[in-house]
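Have a look at the structure below before the remarks.
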Amino acid sequence: MRMRQLLALSTAAGLVLSGVPVHAQSTDTSAAPPARVGQIASLHGNVSLNGQSTGGWAAAQLNYPISTGDTLYTQPDAEAAVAVNWSRITLSGGTEFAITALDNQTLQATEAQGETYLDLRYLPQGGQFVITTPRGTVTISRNGRYDIIAGDQNTPTEVTVLSGAATVNGQDVALA
């Protein structure tokens, strides 16, 4: 027993004397991890990721964590899926999808172009997915399956609700 105590004491003393902190805790909360992250669940074809940790556009990797500030782009013949808790967002070819906010209650994203299919499961009470397209904003606060085609300035956004309910707001349009 005495030998163990002596060994532990000498190890701790050696760490302190060598400059290695024994119990270092950072008080910097600006680097706190996000409350919730998604992950790239599947990739087919060429998919690019532009995120805070990638330093520009790079090839997306399976199981890579996705959070606020990350953008995915699928080439025209590619497809990708992002899992967020039990929900899944599938991006068709030619889709640009940027996550602008992700926390325990909300996922906010911008779908600049392309098509996304959302299979939303177990949304928390008061939780929602908000997808902004060039022609409006789609707000979803119920579990369900949704298909959103972004459209552009000349083509309207198309929202198909297979199950669930969505609200669409845009210029001179409000649908629920």
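Only residues that are polar (S, T, N, Q) and surrounded by 19 or more Cβ atoms within 10 Å (Cβ to Cβ): list them for region 69-86, please. Scanning region 69-86 gives THR71, THR74. When GLY94 is tested against (1) under 20 Å from the mean Cα position of the chain (by Cα); (2) without any contact (Cβ under 8 Å) to a residue 24 or more places away in the chain; (3) surrounded by 19 or more Cβ atoms within 10 Å (Cβ to Cβ), only condition (3) is not met. Exactly one residue out of LEU118, LEU107 is within 10 Å of the chain's Cα centre (by Cα) and either buried (at least 16 other Cβ atoms within 10 Å of the Cβ) or under 12 Å from ALA41 (Cβ atoms) (or both): that is LEU107.
Those residues that are among the charged types (D, E, K, R) and at pLDDT below 95, I need them from region 137-157; list them, please. Hit for region 137-157 is ASP152, nothing else.
Report, by residue number, each residue of region 111-140 that is assigned to a loop (DSSP other than H, G, I, E, B) and either charged (D, E, K, R) or closer than 12 Å to VAL168 by Cα (or both).
Initial filter on region 111-140 (assigned to a loop (DSSP other than H, G, I, E, B)): 114, 121-127, 134-135.
Result: ARG121, ARG135.
If only residues of region 97-106 that are in contact (Cβ under 8 Å) with a residue 60 or more places away in the chain and aliphatic (A, V, I, L, M) are counted, the one that is nearest to ALA60 (Cα to Cα) is ILE99. Of all residues in region 123-133, one or more are open to solvent by 40 Å² or more (accessible area, probe 1.4 Å) and on the phi > 0 side of the Ramachandran plot. Against the conditions (1) aromatic (Phe, Trp, Tyr); (2) surrounded by fewer than 18 Cβ atoms within 10 Å (Cβ to Cβ); (3) in contact with a strand residue (DSSP E or B) (Cβ under 7 Å, 6 or more places away or on another chain), TYR64 satisfies every one except (2). Could you tell me whether region 25-48 includes any residue that is open to solvent by less than 80 Å² (accessible area, probe 1.4 Å), modelled with pLDDT under 95, on the phi > 0 side of the Ramachandran plot and assigned to a loop (DSSP other than H, G, I, E, B)? The answer is no, given that none of the residues of region 25-48 is open to solvent by less than 80 Å² (accessible area, probe 1.4 Å), modelled with pLDDT under 95, on the phi > 0 side of the Ramachandran plot and assigned to a loop (DSSP other than H, G, I, E, B). Considering region 53-106, the qualifying strands (runs of 3 or more DSSP E), each wholly inside and each with 1 or more residues that are among the acidic types (Asp, Glu), run over 79-84, 96-102.
Only one of the listed residues (GLN105, GLN52) is at pLDDT below 95 and either in contact with a Leu (Cβ under 6 Å, 6 or more places away or on another chain) or within 22 Å of PRO124 (Cα to Cα) (or both). That residue is GLN105. Counting the residues of region 141-166 that are part of a loop (DSSP other than H, G, I, E, B), open to solvent by 60 Å² or more (accessible area, probe 1.4 Å) and either in contact (Cβ under 8 Å) with a residue 24 or more places away in the chain or out of contact with any Phe, Trp or Tyr (no Cβ under 9 Å at 6 or more places or on another chain) (or both) gives 7.
The values are calculated or read from the model by the stated rules, or taken from the named source; none is laboratory data. Keep in mind that what you see is a predicted model, and the values were worked out from it rather than measured. Please note: Cβ atoms are built from the backbone with ideal geometry, for glycine as well, and neighbour counts cover all protein chains shown. Accessible surface areas use protein heavy atoms only, side chains included; no ligands, DNA or RNA. Shrake-Rupley method; radii C 1.70, N 1.55, O 1.52, S 1.80 Å.
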